[in-house]
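Every read-out reported here was derived from the displayed coordinates using simple, explicitly stated rules and does not represent laboratory data. In this text the structure is predicted, and so the values were computed from the model without any measurement. When we count neighbours, we look across all protein chains shown, and the Cβ atoms used for this are built from the backbone with ideal geometry, even at glycine.
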Amino acid sequence: MSTPLSDVAPSSTEFLAAVAARQLVGKHRVFAGVGLPTLAVDLARRTVNPDVELVYESGVCGAQPEGLAEGIADSVLVSGAAAVLSMPALFGYVLQRGHVDVGFLGAAQIDRWGSLNTSFIGAWDKPAVRLPGAGGAAEIMPNAGECIVVLRRHDPGALPAQLDFCTSPSPVRAHEEDPRMVPRGHGVSTVITPMAVLRRPDKLGELEISEVHPGLTVDQVRAATGWDIRVADDVRETGRPTVEEVRLLRDEIDTVRLYLR
């Protein structure tokens with residue numbers, strides 16, 4: 001692996017994409033979204049996992065995109081793909097049957113147990129911000145082997161003690177509603193933020209600080225989190241993107257700067 005690039009800021013898209021890509025070592029099938037997940041899975045295919053199989057919500061399975069996708073139904077995802085299924089077939093036969101190893105999700109808010117809010121910010125009757133909603137996340141959360149979330153913010157608003165609304169419940173919340181209900185999937189296993197990497201090793205447990213990005217401390221991460229977050233016994237510094245990872249992102253993957261910023 002090439003030399004780490006010291007001038008890439010931990011909060012940058014390049015940093016987050018490189019860290020996210022490394023989470024896909026050894027994974028077989030990934031349910032990917034657009035944006036940061038698109039960069040991460042493309043980078044992973046070119047570095048740590050050339051055999052990873054990409055699945056998209058539009059029904060594309062085994063995607064082999066030759067260019068950067070601008071959306072889940074972009075034609076570059078269809079060309080060369082192993083199959084294009086209807087959405088009922090994709091969700092019913094691929095996802096709900098347990099054939100997805102990793103789901104890449106985004107969120108406006110995430111709580112200590114890994115539940116997500118993608119619905120609105122503020123009060124139910126008068127929200128300050130309306131968000132896109134659940135999409136496929138409510139199905140991906142309980143059925144994928146694990147979920148990885150990438151956040152562009154790390155503050156008490158993005159990681160609050162209590163969500164403004166729970167769009168996609170974690171296995172913990174589902175189990176609390178009905179003790180007989182334990183989803184197949186682990187739920188959120190990893191959260192990558194501009195400050196740290198948080199992990200949730202226990203399926204019915206809480207997130208904890210696992211890695212802290214260069215130049216930051218555990219205390220700074222804790223202060224920026226909306227609850228008294230746990231700290232792993234073996235916290236380490238997050239590895240910076242390498243020269244080669246950054247070159248691939250800039251010169252081959254996102255040459256038009258669609259997602260990089």
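Before we move on, is Arg180 buried (at least 23 other Cβ atoms within 10 Å of the Cβ) and in a loop (DSSP other than H, G, I, E, B)?
no
Return a yes/no flag: does region 181-190 have any residue that is touching a residue at least 40 places away in the same chain (Cβ under 8 Å), within 18 Å of Pro10 (Cα to Cα) and charged (D, E, K, R).
Checked against the condition, which is being touching a residue at least 40 places away in the same chain (Cβ under 8 Å), within 18 Å of Pro10 (Cα to Cα) and charged (D, E, K, R), region 181-190 yields no hits at all.
Restrict the check to region 197-209 and report whether at least one residue is in a strand (DSSP E or B), in contact with a Ser or Thr (Cβ under 9 Å, 6 or more places away or on another chain) and charged (D, E, K, R).
yes
Would you pick out the residues in region 240-255 that are surrounded by 17 or more Cβ atoms within 10 Å (Cβ to Cβ) and assigned to a loop (DSSP other than H, G, I, E, B)?
Arg240, Pro241, Asp254
Just one of Ala81, Ala107 is without any contact (Cβ under 8 Å) to a residue 40 or more places away in the chain, surrounded by 14 or more Cβ atoms within 10 Å (Cβ to Cβ) and assigned to a loop (DSSP other than H, G, I, E, B); which is it?
So the residue among Ala81, Ala107 that is without any contact (Cβ under 8 Å) to a residue 40 or more places away in the chain, surrounded by 14 or more Cβ atoms within 10 Å (Cβ to Cβ) and assigned to a loop (DSSP other than H, G, I, E, B) is Ala81.
Output the number of residues of region 13-33 satisfying the condition of being outside any helix (DSSP H, G or I) and either in contact with a Pro (Cβ under 6 Å, 6 or more places away or on another chain) or free of Cβ contacts under 8 Å to residues at least 60 places away in the same chain (or both).
2
Val76 fails exactly one of the following numbered conditions: (1) in contact with a Gly (Cβ under 7 Å, 6 or more places away or on another chain); (2) not in a helix (DSSP H, G or I). What is the number of that condition?
Status for Val76: all satisfied but (2).
Filter region 111-161 for residues that are touching a helix residue (DSSP H, G or I) at 6+ places or on another chain (Cβ under 7 Å) and either without any contact (Cβ under 8 Å) to a residue 40 or more places away in the chain or aromatic (Phe, Trp, Tyr) (or both) and give the result.
Of everything in region 111-161, just one residue is touching a helix residue (DSSP H, G or I) at 6+ places or on another chain (Cβ under 7 Å) and either without any contact (Cβ under 8 Å) to a residue 40 or more places away in the chain or aromatic (Phe, Trp, Tyr) (or both), namely Trp113.
I'm told Ala89 meets every condition in (1) farther than 30 Å from Arg152 by Cβ; (2) part of a loop (DSSP other than H, G, I, E, B) except one. Can you identify the failing condition by its number?
Going through the list (1) farther than 30 Å from Arg152 by Cβ; (2) part of a loop (DSSP other than H, G, I, E, B), Ala89 breaks only (2).
For region 117-161, name all the residues that are under 20 Å from Leu39 (Cβ atoms) and either assigned to a strand (DSSP E or B) or acidic (Asp, Glu) (or both).
Selection gives Glu146, Cys147, Ile148, Val149, Val150.
Taking region 210-231 as the region of interest, how many residues are in a loop (DSSP other than H, G, I, E, B) and out of contact with any helix residue (DSSP H, G or I) (no Cβ under 8 Å at 6 or more places or on another chain)?
Total meeting the criteria: 8.
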